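Engineer: My questions will all concern the structure given below.
The values are calculated or read from the model by the stated rules, or taken from the named source; none is laboratory data. The structure presented is a predicted model; accordingly, all values stated were derived computationally and were not measured. For neighbour counting, all protein chains shown are included, and Cβ atoms are generated from backbone atoms with ideal geometry for every residue, glycine included.
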Amino acid sequence: MKKLLSLFALISIVLSACSAPVAENQIVVGMECAYAPFNWTQVEASDTAFLINNEKGTGYCDGYDVQIAKAIADELGKDLLVKKIAWEGLIDSLNNGEIDMIVAGMTDTADRRESVSFSTPYYQSDLVLIVRNDSSYANALSLKDFSGATVVAQKGTFHDTVVEQIPSVDHMTPLGSFALLTNSVVNGEADAMVSEYPVALSIVGTNPSLKIISFTAGNGFETSFEDTTVSVAVRKNDSELLNTINTVLSKLNEETRSNWMKDAIERQPEGE
Amino acid sequence: MITILSKIPSDLWGASAYIFSKYAPLFYFGARNTLIIALSGTIIGLIIGLGIGILRALPVYDYDSKLKHSIVKSVRFITSIYVEVFRGTPMMVQAVFIYNVFLPVFKNAKLFAGIVIVSINTGAYMAEIIRAGIQSLDKGQNEAARSIGMNNFQTMLFIILPQAIKNAFPAIGNEFVVNIKDTSVLNVIGVTELFFQSTTVAGIIYRFSDTFFVTALIYLFLTYSTTLVLKYIEHKMNLGGFDGPQSQTTPLIKAHYVEKEKTS
């Protein structure tokens, strides 16, 4: 058995020597490429999109997050490589060195801060609920109106924790991706799903049977500033990179940010 | 306020046709990788299975030395651990485990990682398939080969294996079809196969059932056309054109001669 293990170790050393080395002058960013308009995949190349995994065939990744990542790469004078990684795998991939930073619409939370460091926020948005047009909740104005509704949110996000703020809510088991959430609202399994406003715009754009319920101040979810913002995550010991990122973000004022988001919403593949 | 108006039709067939035509390159790439992984995984798995099948079929006789007895015993023990572990755990769990153990190798070579995982997993099943194929042969085949002076190795290579493989061919082909479907679990480690690419498309348009309807049709196309090819090869193998030694216990040999008589 010992021999077998050492053989495996030898093979892995030889193979790792052969596998393609990551270029020195490259910064690798991880995102889902499935969370429009923050990050999405498209078939065609464009000036703003990056080839996913630098491998032909997987498509190109574009979106608000990609533009932020591009700004960071430019400041560092490095080439940007976008890797498409599932939501659950992002933090692991960062800590095992597969990627250098996460720009994926990720919120800075105390739990995540145990394993990674976060930059200052790079976007702030409101939380909304998405319902069917023909649902009895279609004219809701406040969270109270959703009393008794079945509500779903993405697994492992703070969206899933705020669901409890709805009085006597039927908190559905969280799902893995926004496509799955949308599906469960469309087919009636859930009455409403939690989403950030820009993402909700993309969802109702491709699903005409759905509508957005936004809330006026005081009627919606109670959230802290940190909750509704998204930040860039880096490895804990990577303070040099974190400083550079914060410098880049401080140069982007509120207007630039909302313009970039507006552009991203208009650019996404199912726009027009 | 910004609104987005998409051109995706609302009915299942219309939406599926739209999704397929617009995102065909992504589906194509996924299907290509699925086939590459399934085919190489099945072939490498078959080689592993043959190796283990032969090792497990090594005969020992009472007159052999104690050393040989203990070697054969330990070889059987080690191979049975491999077979039981990889048949007894889900491939998805194996994928996560193997990927993380060999992370430095697999990090930038996910397609390679997929092939390795499917090969190791298939190897365990193939070992059992080959063992069953060898056991299905009449003992007389072995005895006859030995009596004309062939040694263990020659008997295995020229007499036993060709027949065992032929008998096991339907099961081997079935493994390939199973692998086409089972590569979908590799999306858990981010291999860009068909399932992974489908979640990408679903993530672009936020339309889950329409996208996966397209995915289901592509999988069905892949598996059904593979089944047809395998059936054709099986047919060719059974009716002539096969010059290797054939077991008298295989009734198909009769069909072979009946067929010949008809044509003559």
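Engineer: Sort out which residues of the range A:176-210 are under 18 Å from the mean Cα position of the chain (by Cα), more than 18 Å from A:Met31 (Cα to Cα) and part of a strand (DSSP E or B), and write them in order of number.
Structural biologist: A:Met193, A:Val194
Engineer: Let me ask something additional. Of these, A:Ala233, A:Ala179, A:Ala200, which one is under 13 Å from A:Val131 (Cβ atoms) and either in contact (Cβ under 8 Å) with a residue 12 or more places away in the chain or touching an Asp or Glu at 6+ places or on another chain (Cβ under 9 Å) (or both)? Even if it seems obvious, please write down each step before you answer.
Structural biologist: Details: A:Ala233 fails: under 13 Å from A:Val131 (Cβ atoms); A:Ala179 fails: under 13 Å from A:Val131 (Cβ atoms).
The unique qualifying residue is A:Ala200.
Engineer: Restricting attention to the range A:54-74, which residues are under 17 Å from the mean Cα position of the chain (by Cα) and surrounded by fewer than 24 Cβ atoms within 10 Å (Cβ to Cβ)?
Structural biologist: Hits for the range A:54-74 are A:Tyr60, A:Gln67, A:Lys70.
Engineer: Further question: Tell me which residues, restricted to the range B:202-241, are in contact (Cβ under 8 Å) with a residue 12 or more places away in the chain, within 14 Å of chain A (Cβ to nearest Cβ), out of contact with any strand residue (DSSP E or B) (no Cβ under 8 Å at 6 or more places or on another chain) and not charged (D, E, K, R).
Structural biologist: B:Ile205, B:Ser209, B:Thr211, B:Phe212, B:Phe213, B:Val214, B:Thr215
Engineer: Residues in the range A:132-151: is at least one touching a Ser or Thr at 6+ places or on another chain (Cβ under 8 Å), crowded, with 16+ Cβ neighbours inside 10 Å and polar (S, T, N, Q)?
Structural biologist: No: the range A:132-151 contains no residue that is touching a Ser or Thr at 6+ places or on another chain (Cβ under 8 Å), crowded, with 16+ Cβ neighbours inside 10 Å and polar (S, T, N, Q).
Engineer: Could I ask something else about it? Which is surrounded by fewer than 22 Cβ atoms within 10 Å (Cβ to Cβ) and closer than 30 Å to A:Arg267 by Cβ, of B:Phe195, B:Phe158?
Structural biologist: Numbers: B:Phe158 fails: closer than 30 Å to A:Arg267 by Cβ.
Sole residue among the options that is surrounded by fewer than 22 Cβ atoms within 10 Å (Cβ to Cβ) and closer than 30 Å to A:Arg267 by Cβ: B:Phe195.
Engineer: Next up: What do you reckon, is A:Asp134 more than 18 Å from the chain's Cα centre (by Cα) and touching a residue at least 24 places away in the same chain (Cβ under 8 Å)? Talk me through it step by step, then tell me what you get.
Structural biologist: Numbers: more than 18 Å from the chain's Cα centre (by Cα): yes; touching a residue at least 24 places away in the same chain (Cβ under 8 Å): yes.
Yes: the conditions hold for A:Asp134.
Engineer: Ok, one more. Could you please find all residues in the range B:44-76 being in contact (Cβ under 8 Å) with a residue 12 or more places away in the chain and not in a helix (DSSP H, G or I)?
Structural biologist: Those that are in contact (Cβ under 8 Å) with a residue 12 or more places away in the chain and not in a helix (DSSP H, G or I): B:Leu58, B:Pro59, B:Val60.
Engineer: Six or more apart or on different chains, Cβ atoms under 6 Å: show the pairs whose first residue is in the range A:253-269 and within 11 Å of another protein chain (Cβ to nearest Cβ) and whose second is among the aliphatic types (A, V, I, L, M) and surrounded by fewer than 14 Cβ atoms within 10 Å (Cβ to Cβ).
Structural biologist: A:Ile265/B:Ile2
Engineer: When you scan the range B:11-21, do you find a residue that is under 27 Å from the mean Cα position of the chain (by Cα) and either facing another protein chain (nearest Cβ under 8 Å) or of a type outside the set (D, E, K, R) (or both), even just one? Talk me through it step by step, then tell me what you get.
Structural biologist: Filtering the range B:11-21 for residues under 27 Å from the mean Cα position of the chain (by Cα) gives none.
No, the range B:11-21 has no match at all.
Engineer: Separate question: Can you confirm whether the range B:61-78 contains a residue that is at pLDDT below 90 and over 27 Å from B:Lys139 (Cα atoms)?
Structural biologist: no
Engineer: Considering the range A:85-101 alone, what residues qualify as being within 10 Å of chain B (Cβ to nearest Cβ) and within 14 Å of B:Asn100 (Cα to Cα)?
Structural biologist: Listed by number, the residues that qualify are A:Gly89, A:Asp92, A:Ser93, A:Asn96, A:Gly97, A:Glu98.
Engineer: Also, I was wondering about something else. All but one of (1) at pLDDT 90 or above; (2) out of contact with any helix residue (DSSP H, G or I) (no Cβ under 6 Å at 6 or more places or on another chain); (3) surrounded by fewer than 21 Cβ atoms within 10 Å (Cβ to Cβ) hold for B:Val116; which doesn't?
Structural biologist: For B:Val116, the failing item is (3).
Engineer: Would it be correct to say that A:Lys155 is surrounded by fewer than 19 Cβ atoms within 10 Å (Cβ to Cβ) and under 27 Å from B:Thr199 (Cβ atoms)? Break it down stepwise before answering.
Structural biologist: Working: surrounded by fewer than 19 Cβ atoms within 10 Å (Cβ to Cβ): yes; under 27 Å from B:Thr199 (Cβ atoms): yes.
It is true that A:Lys155 is surrounded by fewer than 19 Cβ atoms within 10 Å (Cβ to Cβ) and under 27 Å from B:Thr199 (Cβ atoms).
Engineer: Looking only at the range A:46-65, which residues are within 11 Å of chain B (Cβ to nearest Cβ) and part of a loop (DSSP other than H, G, I, E, B)?
Structural biologist: A:Asn53, A:Asn54, A:Glu55, A:Lys56, A:Gly57, A:Thr58, A:Gly59, A:Gly63
Engineer: Okay, moving on. When you check A:Ile68 against the structure, is it at pLDDT 95 or above, in contact with a Ser or Thr (Cβ under 9 Å, 6 or more places away or on another chain) and more than 14 Å from chain B (Cβ to nearest Cβ), yes or no? So that I can check it myself, show each step before the final result.
Structural biologist: Values: at pLDDT 95 or above: yes; in contact with a Ser or Thr (Cβ under 9 Å, 6 or more places away or on another chain): no; more than 14 Å from chain B (Cβ to nearest Cβ): yes.
Considered against the rule, which asks whether it is at pLDDT 95 or above, in contact with a Ser or Thr (Cβ under 9 Å, 6 or more places away or on another chain) and more than 14 Å from chain B (Cβ to nearest Cβ), A:Ile68 comes out as no.
Engineer: Quick one: is A:Thr173 at pLDDT below 90 and more than 27 Å from A:Tyr60 (Cα to Cα)?
Structural biologist: no
Engineer: Hey, among the residues in the range B:163-192 that are within 18 Å of the chain's Cα centre (by Cα) and hydroxyl-bearing (Ser, Thr, Tyr), which one's surrounded by the most Cβ atoms within 10 Å (Cβ to Cβ)?
Structural biologist: Step by step, filter the range B:163-192, then rank; the result is B:Thr183.
Engineer: Could you list all residues from the range A:158-186 that are within 13 Å of another protein chain (Cβ to nearest Cβ) and more than 30 Å from B:Thr200 (Cα to Cα)?
Structural biologist: Applying the first criterion (within 13 Å of another protein chain (Cβ to nearest Cβ)) to the range A:158-186 yields A:175-186.
Across the range A:158-186, there are no qualifying residues.
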